[in-house]
Structures are given as C-alpha cells and as structure tokens.
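The structure appears below as structure tokens.
The values are calculated or read from the model by the stated rules, or taken from the named source; none is laboratory data. Fair warning: this is a prediction, and the values are worked out from it, not measured in the lab. Glycine gets a Cβ as well: all are built from the backbone with ideal geometry, and neighbour counts include every protein chain shown. The protein model used for the area step is the full one, side chains on, heavy atoms only, and it has no ligands, DNA or RNA in it. Shrake-Rupley method; radii C 1.70, N 1.55, O 1.52, S 1.80 Å.
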Amino acid sequence: MEDCPESRRLSEDNRRAKNWKRWGPYLSERQWGTVREDYSANGDCWNYFPHDHARSRAYRWGEDGLLGFTDRECRLCFAPALWNGVDPILKERLFGLTNSEGNHGEDVKEAYFYLDALPTHSYQRALYKYPQRAYPYNQLLEANRGRSKLEREFEITDTDAFAENRYFDIEIEYAKADTDDILIQITATNRGPESAKLHLLPTLWFRNTWSWGHLAEETPIRPELRWHEGSIEAEHATLGNFLLLFDPANQSDSRGLLFTENETNQERLFSVPSTHCFVKDAFHEAVINGCKNVVNPAAFGTKSAAHYEVEIAPGGCYCLRMRLVEEKQVPSMEQCFGDAFSGVLNQRRLEADVFYQNHLPYPPESEEFRVMRQAQAGLLWSKQFYNYEVERWLEGDPSQPPPPPERQGHSRNWDWPHVFNRDVLSMPDKWEYPWFAAWDLAFHTVELARVDPAFAKGQLTLLLREWYMHPNGALPAYEFAFSDVNPPVHAWAAWRVYKITGARGERDLVFLESVFQKMLMNFTWWVNRKDSSGRNLFSGGFLGLDNVGVFDRSKPLGDGNFLEQADGTAWMASYCLIMLGMAMELAQNDAVYEDIASKFFEHFVSITNAINTFHGHGLWDEHDGFYYDRISVSTGEDVPLKVRSIVGLMPLIAVTVVPGDVTNRLPNFKKRMNWFLRNKPELTVHISEINEVGPVVSTTRMLAIPSREQLLSMLRYMLDENEFLSPHGIRSVSRCHKDHPYTLKWDSQDLRVDYVPGDSNSGLFGGNSNWRGPIWFPINYLIVEALERYHHFYGESLKVECPTGSGNMMNLMDVSKEIKKRLASLFLPGSDGTRPYAVSLGPYANDPLWRNNILFNEYFHGDNGRGLGAGHQTGWTALIADCLRSLATN
C-alpha cells in the first residue's frame, strides 16, 4: 500500500513521536439522560436529567455538543450553537425522545450525517440540517406519544420542518495544521427559496471538573477563558494555553464575544438562588430573550462564544472560519487565515481522498466507494471520551448532596466498584447509545482495524484491563447493567484483528498472547456461570438476541426449571474454536500452548456432542431439521421452544478448519488429539476429515456443530425466501411465523412470537429492542464468514439451492457472496435511485440534497430494508464495508 501523509501521521502517533490523536470528535452527542449523570434513588436516569435541564445544568462526568471537537480528556470543548430567530431554545445539542416518550424507545429526532474522517482526525466533515421554521419539539413529542408499538415512529422528516427546502445545511470541517493547531470551518447554506437569518455561536468551554470537591480532579488553577485581542484565550493547568482565533473576514457580522460560567442555573431548575452570577444557559437568555446582564461584562469565564448574525440569500452560503491553536504555536494573522487557511484545509481534504483511495478497492466515483468511506467516517466520528468511575459515582461527591442510601447495594453496577473508565472509546451511537457496549465494540474493531490497527487493538485490550474486566473474569456489558450478558465475541474480534493487521509471519504475537491470557479468565467465567446443569448446554440470557424468544431469557424460570439455549451453546462452541485457533498459533512459538489447545479441542467436542445428542437428540429436532431452545423441566421432561429464528441458525457459526500441516508442526497436540479420536469415538462424529497427499500425508479436519446433513437442512430454511432469506440479508425470525405464530402456555401465561419485520411490537426488553424479524449486520456477518469456512473444507463437493426452490445450485462461497450482495443492496441506489435503507427518510429518500448523505442504522426491515432503530449506529453496521471489500476482491 502506498505511503501517504495520513499513514505517516498514524505511524508518528503510534510511535508517540507526535500526539496526532490528542484532539478529535470525542464529544458526546448526548450526556443528559445517561446512567452516569443519574443520582436518583430509583435509577430513572431519563427523568433525573432530562433534555430540558441540559442547557442549564452542569454535567458531572462528560459533555455534549453539536458535532463538536475536544481533547482526549474532554477538558476543553468546541461545538457550534445555532438559532434561526424563531426556535424557543438555542440549538446547542441534538434533541430526541426518552425511552418512555418514544413509541419504540429513545430516539434522536434530528437530521445529521457523518461524511468524512481520517483516523488521526486530521480531517473531519459532518453535516447538520437546521430548519428555518420553529423546531417541532412538541409535535414530535405528542405524535409519538399518541402512537402504539404497532405503528412506526414519527420522525422529523414526517413534519414540515424541511418543507420547501426551508432549512440551512450546516457543514462543519476540522483540519489539523499540526497536533495542537486545529482549523475550523462552518459553512451555512440556505437551501430555501427566500433569504433567511441565522445566528451562529461557535462555542468554547471547559468541562466542569472543579465543582465536585475531589482533589484528584481539581487542577492547581481553575481553568479560565478570557478575551484576548478579539480572540478567546483558554488557560488550563494540564492542557496548556490555547487561543480560539476568528477570521477578520467575518468581523462585520460579529456581535461580539460572550462569556459565562459552566455552572448550573439552580434558580431556573430548582427555584433556589444560583451559586454563581453567570450560569450555563446565559447565551440562550442573551441571544433569544435579549437579556443583557446574564453574561460577564468583564469578559472571562469557563464558557464562551462568538456571536455572529447573518442574512443568507436563497441558495447562498456563509463561511465562518476559526482556528484553535496552542498559544506558543500561533502563527501571524496573515498565516492564520486567507490563502494559508485554505491551503491547509484543501491539503487535508486531498490527503483524505488519497488515504481512502489507497485503502478501498473501488474507484472513487463508485457508489461502493461512497458507502465504504462514509461507513468509516461514522465509525471514526463515533469515538467519545467516556468517564465513569463507579465507586465514586455510588458514593457521591464531597461538595454535593449525598446520593440516596438506596444506591448502595441496590443501584445499577453496585457490584462493579473497580470500574474506572476514563478513555476514548468507540461508541455504538453517540446519541442513542453514548456508552460502550462490549459486544458492539468487538464488531467495531474488525472494520477499524482496516484503517487504524493500533486503535482497534487498543480498544480490545482496554476492556480486558483490570479497571474494566471484573475480577471474576466477566466483561462489563454496557452502562445500564455491566452484569448483563453479551455474546462472547471478544476473542473472535481479537483473532480477526490479529489476522487483518499483519501478513502471515508478520503478525502481532504480543497482542495475541496478551488477549489470550485474559480470555482464559473470561472463558472460565462463562463455563462456571452459564452452564447451570454442567451438561455443556449453555443459557446466557440476552446473548444479543434479546427479543427473539417467547420470554425474557435473562430471568430464571424458577421451580428448578432452566433454559438450554441453542445460541448460547453455539456461542460457547465458537468461543472454544477461537481459543483453539489462538492456542495453536501461539504454540508455533511456545510449546506450552499445545496443552491449552488440547483442552479447547476436547471442550469443543463435548459441547458439540451435547447440543446434538444429549437425551438422544440434544437441541436438534430430527423432524424439523432445525435447532431449538429447550426448557428442561424439573419433572424430567423437556419442552422444545419451536421458534424458527436465528437462535437455531447460530450453530452454523461454530466451525473451523484445521490444516494438516499446522497440526503436524504441533507434535504434542497431534498426539493428544489422536488419542482422543481413538478413545472417544462416540464424541467425535462431528469431525470431518480430508487426507491431503503431499511430501507428507496430512489430514485436514473440520470441526463444526452441524454434520453435513444437518447443515444442508439448516441451509434449506436459511435460503428460503419465505423463511429467512430476504432481499437484503438474513432475517432474525422466519417469515413463516407471519401466518403461523409460535404460541406457548407457560406459568399461566399465553406467550407468542410473531414475525415482526420492523419496529418492535413488544416492550419486553426495553422500548427499542427488536430481534423478531429485522436484519442485523453482526449476525449476518458471522453467518457469511462461517459459510466461507465451510466452503474452504467442502469446496465444490457441497452445493445448495440458492434461493431454496429456485433450482440454482451454488457452492457455499457463492452463497456467502449472494448474502453479501443482498446486504450491500441496502445502501446502493436501486433502479429509481433510492437506497432501500433510506425509505425511513420519507420524501427525502431520493432528494438530491439528501440521498448521498448515508446513515447506517441499527437494524433493517426484514422485507423492504427500511433503516430502523438508532440512525447512526455505524459501529456494527460499518461491517458493510468489509462485505463490499470482499465482493471486490473475490
């Protein structure tokens, strides 16, 4: 791959020669309504800190803003604020509904897009669409409140907010001239038919670390922002001194600099006198209500903004330029702006083009290139400074009222007091899920590794540190409940990243060994905690498929009954195979790992035997030819749960191919494996063998849960368009349940599973969860990857109908490609120019001003591909880039 300036910057940052990642888009899109800001007795985070408080109340653990930028410790923050002259509040952050307000849970109600980004954040570009009409806050609340779970969500594109194109496109670009020299350009374009007024308030502020009474957070000198010759000077004891400079070319539109404090307006919120004269929401009062005495006339504080008021002609643009630079690096004013500014900005744009042309296998003018580049942009924009110290959060702060005593021993995460998060992390969605999720993060790293291997490996390693991982070996799931159970995909991600980030013989064994040692602890936790019967059949709760069953699989069934899960068992079998692969790789250089490899080989065989033969049939249904969950009843009988869902497809993913030449290089492992095969023949029926003839005869083996016959039966269901195969990927529940719902009478309840291809019709697991029909990228990705491994072993000797009943026979590699093509079709324009996912944008799906700004939704409608759930969950949906990459290279 060609060298380029961004690659050199990455190298400098990795070698710590230059701190290129010190600044980035690490500012959350939502800090309000989060668990870490919740000090209530009942854990109702949404109502404890609602959106209405956000403009007036200082945050404890982080900050948020509109497409902002901050340093990696979130000390000094920058973001634009906007006002169109009619909104009731200043637009400083994104608005959305809380979990109880939305008919399908929490949901951002804004139109914004991550368009471009480089791994060092030396160039970032994003777009926000700001209505010229009054923002429809109440309409969005009332319309969604009046809708049931059987109806789709009411979105901002369903209102007249953007009608007649009466809105501004607010494009923000960040470009680094050096590590501590950041160029900022905001371009406002009037898309409407008439001139329109816009107030722009580029805002700079310090995160409040001084009000809580913790000496560890106090700096020797309270940070301060102050007027300095028409610029804003920022002084911070650990960050250093910076200047925010403003282009003199914009001077005629300036209404001056505003200063206040990042302190809570207690009078507005709690009807008690505020501790400070100048408070967080001062700019709102000054700009919208015309109050003169709310800002500091002495021109200093901890929050500041320049106020520009402009009239923009129809179709016209207004460009505002600033520069945030370390004080000792400030160039002359002639070098700050004008041609010098344009030169740096254009250079970074060009470097971004070159970087992605080097990394992506499609021509830049292609739609595939556009999708892949914006997928990476979404991943890189979704990094966030995340601060959550559980013990301190539980105890409260010395200078604040103590939290209610109910929090001790009863609050969320009380049993994770060791957790100390203060890092830049890859988020699922910086508004809807502005907190790390362990299994989401694993999928993020697979695509991040393509452009920033060091960051991808660092993220995986971080969650295994002692200030994240529980002493018992569990990984923290997510902020709402660290103890919840996510699928054990961390080892899989590390194994994939290990292979992606180095050619064979040049890979990072230190990284692999470090991860492997910690995963041994996590694997042991899984075996001890989730195999309740000791029979190698696992029940793990959500396992990422939280709404796919007939009841909450995280809760015990009581009375000695317990659930044995096809997907839980498949995840553990897959976990064994990943650990086996890692151990065999490490054993090439250290024979100690041969013993460990033997352990995982034998454990996999035991799990596979249990899922297929326990009680004569395991979780396999001979009549249907499919895997089902089963309730093991205390009376001794078994109750199969015959829901045809991805739960029963998950055993597909537990497959690996062990080449004979690799086994031959590990004599101790080979000896133990051969002993096991000879002496435990009843356990090894699911090991397939092919003898390879060469200088030395070797045997390549495939380890898999399903036999060849079982695999063929499962694929008939999976590739049937009336069951799992949709035009856009694999559905999570078979379409057969549309006309034939699954019902179960259990514990005096009538339970039911229907095929629900879109938004959830059940609040069983939270308002926005839904696995009952839609297409999810992480599971599709694991399935297509598994099909490639099966093909590696079977080759042309195994072909299936795809689609089922079509008469079109394909090998499994071609089946994998077919599914990838269907997934890709979600984002590629159809014959009418519309991208299927974008149907969710309503009348704007094919609008020339919208259609090339791509969203990467959380999941997709099982029939028409409409984007659903979180609109910016680029994390795991960014795997579309890997699908497109493999289509280009195969």
Test residue 382 against the criterion of being among the hydroxyl-bearing types (Ser, Thr, Tyr), at negative phi and over 17 Å from the mean Cα position of the chain (by Cα), and give yes or no. no
Among the residues in region 103-112, are any more than 30 Å from residue 762 (Cβ to Cβ), surrounded by 23 or more Cβ atoms within 10 Å (Cβ to Cβ) and among the charged types (D, E, K, R)? no
Answer yes or no: is there a residue in region 183-194 that is surrounded by fewer than 16 Cβ atoms within 10 Å (Cβ to Cβ) and either within 25 Å of residue 288 (Cβ to Cβ) or under 32 Å from the mean Cα position of the chain (by Cα) (or both). yes
Just one of the numbered conditions (1) closer than 21 Å to residue 708 by Cβ; (2) open to solvent by 10 Å² or more (accessible area, probe 1.4 Å); (3) β-branched (Val, Ile, Thr) is not true of residue 611; which one? (2)
Go through region 5-75 and tell me which helices (runs of 4 or more DSSP H), entirely inside it, have 2 or more residues that are over 24 Å from the mean Cα position of the chain (by Cα) and under 23 Å from residue 303 (Cα atoms). 51-54
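Return yes when residue 465 is under 26 Å from residue 19 (Cα atoms), open to solvent by 40 Å² or more (accessible area, probe 1.4 Å), free of Cβ contacts under 8 Å to residues at least 24 places away in the same chain and among the charged types (D, E, K, R) and no when it is not. Spell out how you get there, then give the answer.
On the way: under 26 Å from residue 19 (Cα atoms): yes; open to solvent by 40 Å² or more (accessible area, probe 1.4 Å): yes; free of Cβ contacts under 8 Å to residues at least 24 places away in the same chain: yes; among the charged types (D, E, K, R): yes.
Judged against the criteria, residue 465 is a match.
If you scan region 741-756, which residues turn out to be surrounded by 14 or more Cβ atoms within 10 Å (Cβ to Cβ) and out of contact with any strand residue (DSSP E or B) (no Cβ under 7 Å at 6 or more places or on another chain)?
Filtering region 741-756 for residues surrounded by 14 or more Cβ atoms within 10 Å (Cβ to Cβ) gives 742, 744, 746, 751, 753-756.
Result: 746, 754, 756.
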For region 371-387, the count of residues that are crowded, with 24+ Cβ neighbours inside 10 Å and either in contact with a Cys (Cβ under 7 Å, 6 or more places away or on another chain) or among the hydroxyl-bearing types (Ser, Thr, Tyr) (or both) equals 2
Kindly list the number of the only condition in (1) of a type outside the set (Lys, Arg); (2) surrounded by 21 or more Cβ atoms within 10 Å (Cβ to Cβ); (3) modelled with pLDDT under 85; (4) out of contact with any Phe, Trp or Tyr (no Cβ under 6 Å at 6 or more places or on another chain) that fails for residue 574. (3)
Can you pull out the residues in region 131-160 that are within 26 Å of residue 378 (Cα to Cα), over 25 Å from the mean Cα position of the chain (by Cα) and either surrounded by 19 or more Cβ atoms within 10 Å (Cβ to Cβ) or modelled with pLDDT under 95 (or both)? 131, 135, 140
Residue identified as open to solvent by 30 Å² or more (accessible area, probe 1.4 Å) and touching a residue at least 12 places away in the same chain (Cβ under 8 Å) among 848, 778, 803, 829: 829
If the requirement is being under 18 Å from residue 74 (Cα atoms), touching a helix residue (DSSP H, G or I) at 6+ places or on another chain (Cβ under 8 Å) and not hydrophobic (A, V, I, L, M, F, W, C), which of these qualifies: 233, 217? 233
For the list (1) among the hydroxyl-bearing types (Ser, Thr, Tyr); (2) over 22 Å from residue 116 (Cα atoms); (3) surrounded by fewer than 20 Cβ atoms within 10 Å (Cβ to Cβ), I need the number of the one condition that residue 816 fails. (3)
Sole miss for residue 436 among (1) buried (at least 22 other Cβ atoms within 10 Å of the Cβ); (2) at pLDDT 95 or above is condition (2)
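I'm checking my understanding of the structure. Among residues of region 312-337 that are assigned to a helix (DSSP H, G or I) and touching a residue at least 12 places away in the same chain (Cβ under 8 Å), which one is most open to solvent (accessible area, probe 1.4 Å)? Don't jump to the end; show me each part of the working.
Residues of region 312-337 assigned to a helix (DSSP H, G or I): 327-329, 333-336.
Subset that is touching a residue at least 12 places away in the same chain (Cβ under 8 Å): 327-329, 333, 336.
Numbers: 327: 63, 328: 170, 329: 64, 333: 90, 336: 1 Å².
The qualifying residue most open to solvent (accessible area, probe 1.4 Å) is 328.
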Considering every residue within region 260-273, establish whether at least one is open to solvent by 40 Å² or more (accessible area, probe 1.4 Å) and among the acidic types (Asp, Glu). yes
For region 617-629, does any single residue satisfy the condition of being modelled with pLDDT under 95, of a type in the set (D, E, K, R) and more than 22 Å from residue 708 (Cα to Cα)? no
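Every residue in region 585-600 that is surrounded by fewer than 24 Cβ atoms within 10 Å (Cβ to Cβ) and outside any loop (DSSP other than H, G, I, E, B), please.
First, pick out the residues of region 585-600 that are surrounded by fewer than 24 Cβ atoms within 10 Å (Cβ to Cβ): 585-596, 598-600.
Those that are surrounded by fewer than 24 Cβ atoms within 10 Å (Cβ to Cβ) and outside any loop (DSSP other than H, G, I, E, B): 585, 586, 587, 592, 593, 594, 595, 596, 598, 599, 600.
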Mind counting the residues in region 681-714 that are over 43 Å from the mean Cα position of the chain (by Cα) and basic (Lys, Arg)? 0
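Could you please let me know if residue 692 is in contact (Cβ under 8 Å) with a residue 24 or more places away in the chain, in contact with a helix residue (DSSP H, G or I) (Cβ under 9 Å, 6 or more places away or on another chain), of a type in the set (D, E, K, R) and farther than 24 Å from residue 587 by Cα?
On the way: in contact (Cβ under 8 Å) with a residue 24 or more places away in the chain: yes; in contact with a helix residue (DSSP H, G or I) (Cβ under 9 Å, 6 or more places away or on another chain): yes; of a type in the set (D, E, K, R): yes; farther than 24 Å from residue 587 by Cα: no.
No, not satisfied.
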Selection from region 619-657 of residues that are polar (S, T, N, Q) and either buried (at least 24 other Cβ atoms within 10 Å of the Cβ) or not in a strand (DSSP E or B) (or both): 634, 635, 645
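Restricting attention to region 675-716, and to residues there that are assigned to a helix (DSSP H, G or I) and basic (Lys, Arg), which single residue is most open to solvent (accessible area, probe 1.4 Å)? Give the derivation first.
We begin by selecting, within region 675-716, every residue assigned to a helix (DSSP H, G or I); these are 675-679, 681-683, 708-716.
Add one more test, that the residue is basic (Lys, Arg), and what stays is 678, 708, 716.
Working: 678: 159, 708: 83, 716: 140 Å².
Going through the qualifying residues, I end up with 678.
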Which members of region 388-428 meet the condition of being open to solvent by 70 Å² or more (accessible area, probe 1.4 Å) and either modelled with pLDDT of 95 or more or farther than 21 Å from residue 210 by Cβ (or both)? 405, 406, 408, 410, 412, 414, 420, 422
Restrict the check to region 874-889 and report whether at least one residue is farther than 20 Å from residue 790 by Cα, open to solvent by 10 Å² or more (accessible area, probe 1.4 Å) and without any contact (Cβ under 8 Å) to a residue 40 or more places away in the chain. no
For residue 221, the lone unmet condition from (1) closer than 20 Å to residue 68 by Cα; (2) over 32 Å from the mean Cα position of the chain (by Cα) is (1)
Would you be able to say whether some residue in region 230-250 is among the acidic types (Asp, Glu), open to solvent by 30 Å² or more (accessible area, probe 1.4 Å), over 16 Å from residue 57 (Cα atoms) and modelled with pLDDT of 95 or more? yes
